[in-house]
1. Go through segment 199-204 residue by residue and turn each phi into a ³J(HN,Hα) via Karplus (6.51, -1.76, 1.60, θ = phi - 60°); whole Hz please, and just put x for glycine and proline.
2. Could you pull out the pairs from Lys62/Lys168; Lys56/Lys264; Lys93/Lys325; Lys2/Lys74; Lys2/Lys56 whose alpha carbons sit more than 29 Å apart here?
3. Would you work out the relative contact order for segment 2-359, in percent, from Cα pairs under 8 angstrom that are 6 or more residues apart?
4. When DSSP beta bridges are limited to those with both residues in the chain, what percentage is antiparallel, rounded to the nearest 5?
5. For Thr126, enumerate residues with amide H under 5 Å from its amide H, sequence gap 5+ or separate chain, H modeled in the peptide plane.
6. Mind putting a number on the dipole of the chain about its Cα centre? Charges go on the C-beta only, +1 for Lys and Arg and -1 for Asp and Glu, and I need it in Debye to the nearest 20.
7. Divide, for segment 241-323, the radius of gyration over alpha carbons by 2.2 N^0.38 Å, where N is the residue count.
8. Please report the antiparallel percentage of the DSSP beta bridges confined to segment 165-316, to the nearest 5.
Amino acid sequence: MKMVFRWFGEGNDTVSLDQIRQIPGVEGIVWSLHDVPAGDEWPMDKIMEVKAQADKAGLHLKVVESVNVHEDIKLGLPSRDLYIDNYKKTIAKLAQVGVKVICYNFMPVFDWLRTDLHKELEDGSTALFYEKGRIDNIDPYELVKQINENSSLTMPGWEPERLQHLTKLFDAYQGVTEEHLWENLAYFLKEIVPVAAEHDIKIAIHPDDPPWPIFGLPRIITSRDNIRKMLAIVESPYNGVTLCSGSLGANPNNDIVAMIHEFKDRIPFAHIRNVRVYDNGDFIETSHRTQDGSVDITGIVQAYHDTGFEGFARPDHGRHLWGEKCRPGYGLYDRALGIMYLWGLWDAFSRQAERKEARA
């Protein structure tokens, strides 16, 4: 397991590269060009700027999250070929700076979805919260306003310049079914995967967050069966999944440990985080500790260890602790604590395996 840490760039993150490199075992950053609109080809000078920053801190930039997929690709419009061509050109450029994994998602309109960015937990910390009843009744336009208010930092998946066209986006998706979305994903993968393979870069789809339809929009990367279906579209080690325990874990029916064992050869990137799921469908993000949520983080880390996972992993969303002012879900303290918890589990399983081998 190779530990990495998401970083949003100079001037766009409250966490510095100097702080990241002091977290034990972290060897690289997970990055993106957040000011480049979805569908545009990434400029080489901006890529090299991030590389210089990472090199100076002694961190690699082998994982990109995300090269966003333009809505026209998801909608299957004739214009998609232009945006797919730009995606291919971006892949070639990223290979030049040593990128090995590109995370992306295929969620219509919205990326992750929450109703409260700072819901207070019992200990006084705050975290991202999803209230099912509110989502069932809220106007999506009001939610967009709420997500972006009082934020001087970019909110991935909630870019105002894109969501200001929300009415047009919803109109465009009228009549688009899950079947249509699968067809459009297949078209994209069959175009992209050969190019990614040529450049030795694995592309890894992120599950839908949360893993069910919202506001009448279809979502397809939601379960073990659907991940299996996606991987079968292009049978290649370069067509993979970013297995996110938090996204999938919002649905208690998802057996993430079983997924790790089944898809072990197709998981180049892992997001590890915990959520507490309530009977009414609400969920809140918690510390990474297994006992604090509903997701079997201990079992997940053991599954990665026992399957010989050599991919990249990062602690996903963390709580907001000790008065830290940060991008919601992306502070320093709780994610650093999460890393140490994950390493503790990993080291314990390694020691256990060593003792078992010594006795054999």
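Readers should treat all values here as calculations from the given coordinates under stated rules, not as data from a laboratory. Note that this is a predicted model, so its numbers are computed, not measured. Using ideal geometry, Cβ is built from the backbone for each residue, glycine included, and neighbour counts are taken over all protein chains shown.
1. Working through the residues one at a time gives 9, 6, 10, 8, 9, 9 Hz.
2. Working: Lys62/Lys168 36 Å; Lys56/Lys264 33 Å; Lys93/Lys325 34 Å; Lys2/Lys74 31 Å; Lys2/Lys56 20 Å.
Result: Lys62/Lys168; Lys56/Lys264; Lys93/Lys325; Lys2/Lys74 exceed 29 Å.
3. Details: 634 pairs, mean separation 58.8, N = 358.
Once normalised by length, the contact order is 16 percent.
4. Values: 10 of 36 bridges.
Percentage antiparallel, nearest 5: 30.
5. Those lying under 5 Å, H to H, from Thr126 are Leu121, His320.
6. On the way: 40 positive and 54 negative charges, 184 e Å.
Once rounded to the nearest 20, the dipole reads 880 debye.
7. Numbers: Rg = 12.6 Å, N = 83, 2.2 N^0.38 = 11.8 Å.
Against the compact-globule rule of thumb, the ratio is 1.07.
8. Numbers: 4 of 14 bridges.
That works out to approximately 30 percent antiparallel.
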